[in-house]
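Participant: One structure follows; several queries about it will come next.
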C-alpha cells in the first residue's frame, strides 16, 4: 500500500494484505507545494487544469476531456514540452491511449512529436515541439475512463476509471505536465454538466473548483487525485479548508461514521506532526475490481479501495488501511534508488507500525484492533519462505512476488517495533520512535530528500553504533523478532502453528501478459485442485488477500486448449510455529481491560 511521486516517479506502496488486499499499493507521498507565500505565488507563471467527464448512453463516463493551460512558455524547437509516465505504480497510464491531442500557443496551432524514453517500468512518453513555443501553451485531449487495471499484476489504484456514475484517477496517470519540479500558480476547474444534477467533485486540493493561494510544485500536481460525479461526501457540504472525503459507489460500511473516525485520526496526526488541521486534506474511496482493500498516498490525500468480499472484521481492517495510508502523507520519506522500491523498508515499515499503534494510542481503537493487525503481519512474515531475503532482493523483485513485496511492510514494521522499544527503555519512557520521525521530518524539510544514511545518523545518535549494525543486519535479511511486551505490558507473545503461503506455481506468471502456468509445485494445493503447467489464467489474479489469510481461497478462470473452467484452492503449504501476540491474562494495568 507506496505512492510517492518524487522526481516524476511513483513509489510503490499499497499495503498488502490479509483482509487487506492492499494491492501492494503504491503511495505517493506528500510532495511539497514548493511555492512560497501567497504574495510570491502571484509572481509565478500560471498552470490551469480543466476536467470535463464525457458520459456515454449508459450514464457512465467513458472519457475525461482535459484542458491544460500553461503560461509564460518559451521553448525551442525539438525540446520537450510535456510528458507522462508510461507506468505509474505498476499501472499502465494513458500515455499511449489518450486521444485527440491538440496543442496551441500564442502563434497558433502547434505540432508535437511523441517519443518514449526509458524502459517500460520507469520510462516516459515525451512530447516535443516541432517549432519554438511562445507564450501560453494550451493542450486539449481525451483520456479513456476504463483504465487497464491489473494488466501488470498487483498495482496501485491510480488509473482513470469510471464506476457508479462517477470518475476518478491520479494525475500521475493522465495529466500531461512539463518536466521538472517548477512551481506554478495552480487552478482547477470542473465541468460536470454531463453528470446528473447534484454531482460533486473533490481533488487533493479541496472540493470543487480550486485555486490555492500559495504556489504549487509540479511534483505535488503529479501526485494529486481527482474524483467527480454522483459521489458521497463528508462533510456535506464540503469545506474549503481542512478535512474532506469522497467515495464512489456503495461502501461495505456506512461512509459518514467511517469518515468521522478518519477525521479524528487526521486531527491527531496533525497534532503529532505539528501541521495545521485547516490545511486542505482529502480522502478518496473507490471500488477496486482486482485487489480491493489497499490504498495509495497522494499529495495531501490518499485513496482507499474496497472490494466485493470482506472479512468479518472489515471495520477494523478498513481503519487500519486508513491509518496506514494517512501516515504516508505525514511521514518523512527515504528516497528510493531510481526504478526500485529500495526505500520501502522505511516508508512502508513505519506506516505499518504506526498504522497498528497510533489509533490504539489515540484511543480511537481498542486492543482487538491492535492484535488483529499485528497478528496478520506476523502471520505473513514469520511463515514466509522468503523472510530472509535481503532488502536488495526485495527492491528488485517487489512486483514479481507477493511474498517478497510483503517483506517491505512486515519486516520493516517489526524492525521499527524493536527500535521503538529500545528507545523507550533507554530513555525510561521519555523518548520514542516519534522523536526520530520528527527529527527526520525537519531534516527532510532542510535537505529535500532523505537516504538510508540519514536513518543511520539518527539511530546512531539515539542508540549508539550497535543500532547501525542491527539496522544493516535487518537489511541483509535477519529475522526481526520482538519480545512479548513490545506493544506494552498488556500483551505477550505466544506461538501458533500456521501454514505458509504457497501459490503452487511460479509467481512471475501472474505479472506476465499471457499468464501461462509453469513451475507447478508437485503435491501443492494448486496441483491437487487440477491446475497444470501450460494452463492459461484468463484474468489477472489478486494474491494479497489470500496471502494474508489462512482460510482465503484463490479462484482462477482457466483455459486449457479449447476448454475453459474454474479452479479453486487454498494456497497454503506446510505448517510452521509462528509468533503471535495476545492479551496477557496476568496484566494488572487498568488500561489492559480495553
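Participant: Would you confirm, using the coordinates I've provided, whether residue 121 is surrounded by fewer than 16 Cβ atoms within 10 Å (Cβ to Cβ) and at pLDDT below 85?
Facilitator: yes
Participant: Do we find that residue 119 is under 30 Å from residue 400 (Cβ atoms) and out of contact with any strand residue (DSSP E or B) (no Cβ under 8 Å at 6 or more places or on another chain) in this structure?
Facilitator: yes
Participant: Considering each of 44, 51, 101 in turn, give the residue that is modelled with pLDDT of 85 or more, over 22 Å from the mean Cα position of the chain (by Cα), over 15 Å from residue 223 (Cα atoms) and assigned to a loop (DSSP other than H, G, I, E, B).
Facilitator: Numbers: 51 fails: assigned to a loop (DSSP other than H, G, I, E, B); 101 fails: assigned to a loop (DSSP other than H, G, I, E, B).
Criteria check complete, one pass: 44.
Participant: Give the stretch 151-181 a look and list any residue that's more than 30 Å from residue 543 (Cβ to Cβ) and surrounded by fewer than 17 Cβ atoms within 10 Å (Cβ to Cβ), or say none.
Facilitator: The answer is 179, 180.
Participant: Would you mind telling me which numbered condition in (1) crowded, with 24+ Cβ neighbours inside 10 Å; (2) more than 30 Å from residue 118 (Cα to Cα); (3) at pLDDT below 90 residue 315 fails?
Facilitator: Single failed check for residue 315: (1).
Participant: Of all residues in the stretch 501-518, which are surrounded by fewer than 19 Cβ atoms within 10 Å (Cβ to Cβ), modelled with pLDDT of 95 or more and not in a loop (DSSP other than H, G, I, E, B)?
Facilitator: 516 - this is the single residue of the stretch 501-518 that is surrounded by fewer than 19 Cβ atoms within 10 Å (Cβ to Cβ), modelled with pLDDT of 95 or more and not in a loop (DSSP other than H, G, I, E, B).
Participant: Output yes when any residue across the stretch 455-469 is assigned to a loop (DSSP other than H, G, I, E, B) and in contact with a strand residue (DSSP E or B) (Cβ under 9 Å, 6 or more places away or on another chain), and no when none is. Give the derivation first.
Facilitator: So the first thing to find is which residues in the stretch 455-469 are assigned to a loop (DSSP other than H, G, I, E, B), and the list is 464.
Subsequent filtering for residues that are in contact with a strand residue (DSSP E or B) (Cβ under 9 Å, 6 or more places away or on another chain) retains none.
Checking the stretch 455-469: not a single residue is assigned to a loop (DSSP other than H, G, I, E, B) and in contact with a strand residue (DSSP E or B) (Cβ under 9 Å, 6 or more places away or on another chain).
Participant: Out of curiosity, is residue 554 surrounded by 15 or more Cβ atoms within 10 Å (Cβ to Cβ) and modelled with pLDDT of 95 or more?
Facilitator: Considered against the rule, which asks whether it is surrounded by 15 or more Cβ atoms within 10 Å (Cβ to Cβ) and modelled with pLDDT of 95 or more, residue 554 comes out as no.
Participant: Can you name the condition, by its number, that residue 241 falls short on among (1) surrounded by fewer than 20 Cβ atoms within 10 Å (Cβ to Cβ); (2) over 26 Å from residue 194 (Cα atoms); (3) within 20 Å of the chain's Cα centre (by Cα)?
Facilitator: Only one criterion in (1) surrounded by fewer than 20 Cβ atoms within 10 Å (Cβ to Cβ); (2) over 26 Å from residue 194 (Cα atoms); (3) within 20 Å of the chain's Cα centre (by Cα) is unmet by residue 241, namely (3).
Participant: Does residue 585 fit the bill of being over 30 Å from residue 89 (Cα atoms), surrounded by fewer than 12 Cβ atoms within 10 Å (Cβ to Cβ) and not assigned by TED's automatic domain parsing to the domain that holds residue 377?
Facilitator: For residue 585, the condition - over 30 Å from residue 89 (Cα atoms), surrounded by fewer than 12 Cβ atoms within 10 Å (Cβ to Cβ) and not assigned by TED's automatic domain parsing to the domain that holds residue 377 - is not met.
Participant: Scan the stretch 509-533 and report the pairs whose first residue is more than 15 Å from residue 565 (Cα to Cα) and whose second residue is part of a helix (DSSP H, G or I), with Cβ atoms within less than 6 Å and a gap of 6+ or a chain change.
Facilitator: 515/509; 520/527
Participant: Right, here's the next one. What are the residues in the stretch 390-417 that are crowded, with 17+ Cβ neighbours inside 10 Å, closer than 22 Å to residue 466 by Cα and more than 17 Å from the chain's Cα centre (by Cα), if any?
Facilitator: Those that are crowded, with 17+ Cβ neighbours inside 10 Å, closer than 22 Å to residue 466 by Cα and more than 17 Å from the chain's Cα centre (by Cα): 391, 411, 414, 415, 416, 417.
Participant: Pick from the stretch 79-107 the residues that are at positive phi and in contact with a strand residue (DSSP E or B) (Cβ under 6 Å, 6 or more places away or on another chain): which of them is surrounded by the fewest Cβ atoms within 10 Å (Cβ to Cβ)?
Facilitator: Among those residues, the one meeting the criterion is 100.
The values are calculated or read from the model by the stated rules, or taken from the named source; none is laboratory data. Please read these numbers as outputs of a predicted model, since none were measured by experiment. Reconstructed Cβ throughout: ideal geometry from the backbone, glycine too, with neighbour counts over all protein chains shown.
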